[in-house]
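Chemist: Take this structure first; my questions come after.
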Amino acid sequence: QVYRSLGLNQSEIDAYFTGPAFLAWNRMGNLRGWAGPLPPSWHLKQLYLQYRIVERMRSLGMITVLPAFAGHVPQGVLRVFPRANATRLGGWSHFDCTYSCTYLLDPEDPMFQVIGTLFLKELIKEFGTDHVYSADTFNEMTPLSSDPVYLARVSNAVFRSMTGADPEALWLMQGWLFQHQPDFWQPAQVQALLHGVPLGRMIVLDLFAESKPVYQWTESFYGQPFIWCMLHNFGGNHGLFGTVEAINHGPFAARRFPNSTMVGTGLVPEGIEQNDMVYELMNELGWSQEPLDLPSWVTRYAERRYGAPNAAAASAWRLLLRSVYNCTGVCVNHNRSPLVRRPSLRMDTELWYNASDVYEAWRLLLSASAELGSSPTFRYDLVDVTRQAAQQLVSDYYLSIRRAFQSHALPELLTAGGVLVYDLLPELDSLLSSHSLFLLGRWLESARAMATSDWEAEQYELNARNQVTLWGPSGNILDYANKQLGGLVLDYYGVRWSLFVSTLVESLNSGSPFHQDQFNQAVFQVERGFVYNKKRYPAVPAGDTLEISRKLFLKYYP
């Protein structure tokens, strides 16, 4: 509405917004246009959804945060206001200027205040306000200058555009940029950006505090209030993971920090619907005076989760607590398992825990299935732990494949490759397909359900497919948001592994070396083929989870 009122035409607006699966990165100025445009119906549906969210939040006494103007603009602004001073930022991540390099208005330019205040006034008119606004001008984007004077001017301009519409405005800002580009954000630069706003009028999210806290090296954000946040998950990846010791102690250490300005705790995962236990624990810690006794906490957790005490289930959870959930040091949770990565001869199979603990937890959970099998949460966890065990097994078969290839042992290569491609991966796919929360069909159908026409349904499905695979037109951030879903394991990961094994076999048979570059080109066609295959996947589960898990166990338990 604001861009239209300023005189931009629809095609200029369409060229700016990304598709729905990538909008978060559009708001932060990382991407433009990719997987778009956004249909008019999208905006309308989001508007009505927003009414409902805001109304429900306020009815529960929650404070709503509205998005403010961060300075990124469509190129069309320069046609309408040729004298406006805007600079093109560089490409983001592995994207070139086709879909990146957005324009940033100079904070000193009068248009910055005009657009920023206009936008916020429109929002407030539509939704009312609780006076808290979010804006991220430099998230993973290098500012044009490291001069502290410039950086303070930028943050001051963003803040002034907020107060122009709401004199009581508070700015909520992600602190990710400081730990993401520490070479640029030295203490002087951080302090300048933070002090461009009056003390107490900005709240910083210390976004990855469980692994890379920023408050410790910025004297508690130089006096601005901050929230200690657990990020935990990147890309909505499946994979058992947690840093329980760091989250059990981190918030308390932050409160005791000299002159601490910590005002709360937060949860800021990129994707949810995985590792429920970690979120349960973090939410509980916000109400605690001191760290919890984790083994006894997790024993009670198992009982609450399944609705009945069970010794085997409790033992399984204590094993998971000390292994997969106890990553220490700087832990970044991107699932790097060979299962969900493009095959090569240099894949990472390192684990931060003892694989045998997961196998034993698997055995214990299965032994509890007679008593707990009717509990939906138990069935979900059994799928998840079996899936983790299968993920570990994929690494073992990968190492056997690599060893066989490197020692020119064709029979061993055929055996290990055959078991992986023709048995383990199909079995894992059927396990995932037995549970509604692990279905590719559910993921795709929920995207299609947003549509108001067949054309939109196709576009939304492509968004959903691209996000979990190529993440960009050419695999720009390949497998960043990998998921383990029934349908995806067979038709995407499985097909990739099949091509890899057959390429290695062909290489041994013909005596010609394996070339990763050639394989990458061939496998890209497979990956892209999946995004556009138009196959419909079931949105209802098939098969008995307990039976499939038991069958996998009898066949593969080490």
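Chemist: May I ask you to list the chymotrypsin sites (Phe, Trp or Tyr not before Pro) in region 205-256 that are in a DSSP loop and have at most 13 other Cβ atoms within 10 Å of their Cβ?
Modeler: Listed in order of number, the matching sites amount to none.
Chemist: Another question, then. Assuming a ≥ b ≥ c are the square roots of the Cα gyration tensor eigenvalues, decide whether region 194-246 counts as rounded (a/c under 1.5), prolate (otherwise, with a/b larger than b/c) or oblate.
Modeler: In terms of gyration-tensor shape, prolate.
Chemist: To continue, here is another question. Once you put a point 7 Å from the Cα of residue 4 and another 7 Å from the Cα of residue 108, both along the Cβ direction, what distance in nm separates them?
Modeler: My value for the distance between the label points is 3.6 nm.
Chemist: Give the whole-number value, in cubic angstrom per residue, of the convex hull volume spanned by the C-alpha atoms of region 278-401.
Modeler: It comes to 124 Å³ per residue, whole-number rounded.
Chemist: Measuring from a point 7 Å past the Cα of residue 290 along Cα-to-C-beta, which residues in region 238-268 have an amide N at less than 18 Å?
Modeler: Flagged as within label range: 245-257.
Chemist: Put a dot 7 Å past each Cα toward the Cβ at residue 146 and residue 55; how far apart are the dots in nm?
Modeler: If labels sit at residue 55 and residue 146, their model points lie 5.1 nm apart.
Chemist: Efficiency by 1/(1 + (r/R0)^6): what FRET value for residue 414 and residue 125, r their Cβ-Cβ distance, R0 = 51 Å, to the nearest 0.05?
Modeler: After rounding to 0.05, the efficiency reads 0.15.
Chemist: Accessible area per residue, 1.4 Å probe, Å², for the chain: what's the number?
Modeler: 43 Å²
Chemist: Once neighbouring chains are kept in place and the probe is 1.4 Å, which whole percent of the accessible area of the chain is contributed by carbon and sulfur?
Modeler: Of the solvent-accessible surface of the chain, carbon and sulfur hold 54 percent.
Chemist: Report the Cys residues of the chain lacking a disulfide-compatible partner, meaning no second Cys Cβ under 4.7 Å from their Cβ.
Modeler: 229
Chemist: Specify whether the C-alpha gyration tensor of region 470-530 places it in the rounded, prolate or oblate class, a ≥ b ≥ c being the square roots of the eigenvalues: rounded for a/c under 1.5, otherwise prolate if a/b is larger than b/c and oblate if not.
Modeler: The shape class here is oblate.
Chemist: Give me P(r) over region 199-292, computed from all C-alpha to C-alpha distances, binned every 5 Å, as integer percentages.
Modeler: 2, 14, 27, 23, 17, 10, 5, 1, 0
Chemist: At q = 0.11 Å⁻¹, what log₁₀ I(q)/I(0) does a Debye calculation on the Cα points of region 76-188 give, no solvent, two decimals?
Modeler: Reported log10 I(q)/I(0), two decimals: -0.41.
Chemist: Now for a different question. Given axes a ≥ b ≥ c from the Cα gyration tensor, I'd like to know whether region 1-170 is rounded (a/c under 1.5), prolate (a/b larger than b/c) or oblate.
Modeler: The shape class here is oblate.
Chemist: Could you tell me which trypsin sites (Lys or Arg not before Pro) in region 197-283 are loop residues by DSSP with no more than 16 other beta carbons within 10 angstrom of their beta carbon?
Modeler: 201
Chemist: Right, something else. So what are the chain's ellipsoid semi-axes, whole angstrom, largest first, if each one is the square root of 5 times an eigenvalue of the alpha-carbon gyration tensor?
Modeler: That gives 42, 30, 23 Å for the three semi-axes.
Chemist: Another one. Which value does Rg/Rh take for region 1-63 over its C-alpha atoms, Rh per Kirkwood?
Modeler: Rg/Rh: 1.07.
Chemist: Multiply the residue separation of residue 79 and residue 436 by 0.36 nm, subtract the distance between their alpha-carbon atoms, and state the gained length in nm to one decimal.
Modeler: My answer for the length gained is 123.6 nm.
Chemist: Within region 280-369, list the chymotrypsin sites (Phe, Trp or Tyr not before Pro) lying in a DSSP loop whose Cβ has at most 11 other Cβ atoms in a 10 Å radius.
Modeler: Within region 280-369, the qualifying chymotrypsin sites (Phe, Trp or Tyr not before Pro) (loop, at most 11 other Cβ atoms within 10 Å) are 287.
Chemist: Using the Kirkwood formula on the Cα atoms of region 431-558, what hydrodynamic radius do you get, in angstrom to one decimal?
Modeler: 16.4 Å
The values are calculated or read from the model by the stated rules, or taken from the named source; none is laboratory data. Everything numeric here is computed off the predicted structure, so don't read it as measured data. Note that each Cβ is placed from the backbone with ideal geometry, even for glycine, and that neighbours are counted across all protein chains shown. These accessible areas exclude ligands, DNA and RNA; they are computed on the full protein's heavy atoms, side chains included. Shrake-Rupley method; radii C 1.70, N 1.55, O 1.52, S 1.80 Å.
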